[in-house]
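J.: Take this structure, written in structure tokens, and hold onto it; I'll ask about it next.
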Amino acid sequence: MAEMDSSVTSVRNAISYVRSGPKRRKAFEMRVESGRFTKGSLPLDVSTRWNSTYLLLTRAIKFKGDFDRMDIEDKLYNDYFLEYENGEKRLGPPLMNDWHKIESEIVNIAVKLQLLCLNSDDDVMVNAKKMYKKFDKYWDDIKNINIMLIIASVFDPRKKMEFANLCFAELYGEDSTSAKGLNESVLIAMRAMYKEYSERYAESTSQASGQSESSSQFNEVRKTDGLFDSKEDEIDGYNPIEQKYDTLLRNIEVRDTNELETYLRVEVENPELIVGIEYDILSWWKFNSARYPII
């Protein structure tokens with residue numbers, strides 16, 4: 001925890017600001033986009049209990065986007081961090097780098113505790129095992145963690161299964177039975193979900209194709225009735241052969257490729273970002289939605 005003390009303090013100060021008065025709580029609540037926010041949603045920790053700091057951080061992470069909006073939009077919030085406390089400028093507000101440190105540290109703590117459990121000093125080893133037992137209590141053992149949390153990280157194009165497998169290897173050892181089992185369970189869950197969504201997608205495209213076919217038949221009738229000629233077709237941009245080919249391409253893509261396997265097989269993204277600019281995952285998916293419509 002000492003290694004990330006400044007980041008923890010920044011988050012703690014931000015929570016203290018939000019909790020310190022009804023007007024400040026209201027200002028924060030206005031920026032909460034999902035879920036209900038109350039004073040109890042962001043607890044403060046007790047310095048003598050490390051698990052209370054853990055709870056503070058895990059709760060705060062859920063609202064990190066809302067804290068970012070406060071930083072951009074609320075002048076009083078920013079002024080709070082320009083004040084001095086005990087002769088030193090108050091730490092904060094928490095920035096992207098602080099949130100990343102906190103999120104990654106949860107895995108790092110587990111790895112460090114596992115190493116200490118093998119320490120040659122008996123006292124250190126005994127205490128480490130007690131601490132690791134408590135840590136697993138909060139995680140509910142990573143083997144029992146909601147697998148959707150892992151799947152969500154896989155759909156970050158910079159990570160995919162490579163990052164998940166690295167975490168499994170760090171926690172349980174490379175090529176260990178536990179690491180391989182977790183990898184397999186994630187793939188099985190994703191393939192089952194993909195199968196379900198493929199069936200839904202096939203139904204929706206089938207209905208859309210039926211509507212398109214009806215429209216085409218109607219247009220053919222109109223053409224035979226002499227309601228419009230080929231020159232008018234060209235002017236209106238109507239080109240039936242191109243429309244049919246577009247439909248054929250879509251059907252080939254759904255029938256002959258498995259988007260999930262393609263996505264996992266393609267190399268991870270490695271964007272070169274300007275310092276301070278966060279990678280926009282949703283924009284990546286929007287741009288690639290035609291390539292991966294089912295996913």
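J.: Determine the pairs where a residue that is among the small types (Gly, Ala, Ser), located within the range 180-198, has a partner that is surrounded by 14 or more Cβ atoms within 10 Å (Cβ to Cβ) with Cβ atoms under 7 Å apart, the partner being 6 or more residues away or on another chain.
T.: From the range 180-198, the pairs are 185/147; 189/147; 189/151; 198/294.
J.: Could you check the range 1-105 for helices (runs of 4 or more DSSP H) lying wholly inside it with 1 or more residues that are modelled with pLDDT under 90?
T.: 5-19, 22-29, 50-61, 64-73
J.: A further question follows. Quick one: in the range 111-126, which of the residues that are of a type in the set (A, V, I, L, M) and under 20 Å from residue 170 (Cβ atoms) is surrounded by the most Cβ atoms within 10 Å (Cβ to Cβ)?
T.: It comes out as 113.
J.: Same structure, new question: Looking only at the range 164-189, filter to residues that are at pLDDT below 85 and of a type in the set (Asp, Glu); which one of those is surrounded by the most Cβ atoms within 10 Å (Cβ to Cβ)?
T.: Among those that are at pLDDT below 85 and of a type in the set (Asp, Glu), it is 170.
J.: Let me ask something additional. Cβ-Cβ distance below 6 Å, separation of 6 or more or different chains: which pairs start in the range 145-157 with a residue that is over 17 Å from residue 179 (Cα atoms) and assigned by TED's automatic domain parsing to the domain that holds residue 285 and end on one that is assigned to a helix (DSSP H, G or I) and at pLDDT 85 or above?
T.: Listed by first residue and then by second, the contacts come to 156/281; 157/284.
J.: Among the numbered criteria (1) surrounded by fewer than 18 Cβ atoms within 10 Å (Cβ to Cβ); (2) under 27 Å from residue 145 (Cα atoms), which single criterion is violated by residue 21?
T.: Answer for residue 21: the failing condition is (2).
J.: Would you please list the contacts, defined by Cβ atoms under 6 Å and residues six or more apart or on different chains, that run from a residue in the range 94-119 that is assigned by TED's automatic domain parsing to the domain that holds residue 65 to a residue that is not in a helix (DSSP H, G or I)?
T.: Taking only residues 6 or more apart or on different chains, the pairs are 96/278.
J.: Can you tell me which residue within the range 78-110, out of those that are in contact with an Asp or Glu (Cβ under 7 Å, 6 or more places away or on another chain) and buried (at least 17 other Cβ atoms within 10 Å of the Cβ), is nearest to residue 167 (Cα to Cα)?
T.: 93
The values are calculated or read from the model by the stated rules, or taken from the named source; none is laboratory data. These numbers were taken from a predicted model, which means no experiment stands behind them. Here the Cβ is made from the backbone with ideal geometry for all residues, glycine too, and neighbour counts use every protein chain on show.
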